[in-house]
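Everything below concerns the one structure shown next.
The values are calculated or read from the model by the stated rules, or taken from the named source; none is laboratory data. Values in this document were obtained by computation on a predicted structure and should not be read as measured data. Note: ideal-geometry Cβ built from the backbone for every residue, glycine included; neighbour counts use all protein chains shown.
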Amino acid sequence: MKLSKELLNSLISITSNSAIACYPFIGKNEKILADKAATDIMRCELNKLDIKGEVVIGEGELDEAPMLFIGEQLGNGNGPEIDIAVDPVEGTNFVAKNLPGAMTVLAIAEKGNLFNAPETYMDKIASGSHISNDVLDLDNTVEKNIKNYSDASNKKIEEITVCLLNRPRHNKIIDELNRLKVNIKYISDGDVSGALLVTNKKYGVDIFMGIGGGPEGVIAAAALKTLNCQFQGRFLFKSDKEINRAQKMGIKDLNKKYEINEIVKGESIFCATAITTCDLMNGIVRKNDKFITETIFTHDKTSLDLIKKEFTIT
C-alpha cells in the first residue's frame with residue numbers, strides 16, 4: 001500500500017493548523033498553553049482521517065494529558081493501519097519567547113515501519129545523500145569522522161560545518177572540533193530541524209552530531225531516509241526505569257547502533273510547519289484576514305519540498 005498524495009495533503013493541513021493554533025501564544029511566555037493548543041488541533045484533525053492510526057512517537061504517557069500519548073489510537077478506523085510520530089511543538093520555549101526555530105512536526109509510515117523509541121537520550125550522527133553510509137560512524141572518534149568526511153566530500157577540514165546542540169554534555173566534542181578548526185553551528189533546541197540542515201548544501205551544514213532526544217531521532221530519520229541521507233542512532237539509558245521501559249518495548253540489545261533502515265522501514269511521509277522563522281522556512285505571518293504558513297515535507301524519495309499556504313481566519 002502506497003501512502004497517498006491525498007494523505008500527504010491532509011498532513012500538511014494538519015501541521016499548518018496546529019502551528020496556527022500556537023500563533024496567539026508567540027512571545028507570551030505560555031509554552032504549556034501553546035503546546036496544548038497545537039496538540040488539541042492535531043488530535044482533532046488526525047481523528048478525521050480515514051486511517052487506523054497509532055501513536056508510536058508521542059509526547060508522553062496516557063496520564064500526561066493533554067499530550068498525544070504513545071499507544072493512542074487516531075483516525076476514524078476506516079482506512080489503512082498507520083504508525084504516527086508527533087511533536088506538536090518542537091521548541092516550546094521558542095514560541096514562549098518569540099525566538100526562531102519553533103515548528104510543529106508529524107511523520108507517518110505503514111504499521112510496523114516506524115521504530116517505537118523510548119523517551120530517552122540518543123547519540124546521533126547524520127549527513128547528506130552525497131556521501132556513502134560507511135563514511136561516518138558513531139563508533140569512530142570525532143577526528144576520524146571529520147577526516148573521513150573530508151576525504152569523501154573532497155572538502156578541507158576547515159571548510160566543514162558541524163551542527164550540534166549547545167549543551168555542556170557536548171563540551172568534549174566541541175573542544176575536539178575547535179582543535180580541528182571545524183566550523184560549528186550551535187542550536188539551543190530543536191534537534192529535528194538541526195538534523196534536517198544536512199539535507200541540502202544551501203543550509204551550510206555538513207554533519208549533525210551529538211546527544212538529543214530518541215523520539216526526535218526517529219522523526220528526523222523519517223525525513224532523512226526519504227532523501228537518501230545518512231543517519232545512525234544509539235540510545236543512552238540513564239536509569240533502571242528507562243532500561244525497563246525499553247525492554248518492555250522490545251529492545252533487547254541496549255547498546256545497539258541503529259542504521260536508518262532499521263529506524264524507518266519502507267515509505268514514510270514527513271511534514272513540519274514553522275511557527276517562528278527558522279533556517280528551513282519562514283514562520284507564520286498574519287495578513288489581513290489570512291494566516292500564511294510555510295511547510296516542508298518529504299514523501300517517496302522526493303526532495304525536501306516547501307509549500308506556502310493561506311488559511312482564512314474564522
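LYS156 is checked against (1) basic (Lys, Arg); (2) touching a residue at least 24 places away in the same chain (Cβ under 8 Å); (3) under 23 Å from THR199 (Cβ atoms) and fails just one. What number does that condition carry? (2) is the only condition that LYS156 fails.
To keep it simple, each residue is scored yes or no on (1) hydroxyl-bearing (Ser, Thr, Tyr); (2) crowded, with 21+ Cβ neighbours inside 10 Å.
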| residue | (1), (2) |
| --- | --- |
| THR92 | yes, yes |
| ALA96 | no, yes |
| LEU99 | no, no |
| ILE108 | no, yes |
| ASP139 | no, no |
| ALA152 | no, no |
| LYS155 | no, no |
| THR161 | yes, no |
| LEU165 | no, no |
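Can you say whether ASP253 is farther than 21 Å from THR15 by Cα and acidic (Asp, Glu), as far as the supplied structure shows? Yes, satisfied. Taking region 88-126 as the range and being under 16 Å from the mean Cα position of the chain (by Cα) and among the charged types (D, E, K, R) as the test, the residues that pass are GLU90, GLU119, ASP123, LYS124.
Against the condition in contact with a Leu (Cβ under 9 Å, 6 or more places away or on another chain), at pLDDT below 95 and in the same structural domain as PHE291 (by TED's automatic domain parsing), how does GLY60 come out, does it pass? In short, yes. Scanning region 23-60 for residues that are basic (Lys, Arg) and in a helix (DSSP H, G or I) yields LYS31, LYS36, ARG43. When LYS124 is tested against (1) assigned to a strand (DSSP E or B); (2) at pLDDT below 95; (3) out of contact with any Pro (no Cβ under 9 Å at 6 or more places or on another chain); (4) not small (Gly, Ala, Ser), just one condition goes unmet, and that condition is (2). Mind listing whichever residues of region 74-121 are more than 28 Å from THR293 (Cα to Cα) and in a strand (DSSP E or B)? Answer for region 74-121, where residues must be more than 28 Å from THR293 (Cα to Cα) and in a strand (DSSP E or B): GLU81, TYR121.
Report every pair of residues separated by at least 6 positions or lying on different chains whose Cβ atoms are under 9 Å apart, first residue within region 274-287 and closer than 16 Å to CYS22 by Cα and of a type in the set (Lys, Arg), second modelled with pLDDT of 95 or more and buried (at least 18 other Cβ atoms within 10 Å of the Cβ). Within 9 Å, the pairs are ARG286/TYR23.
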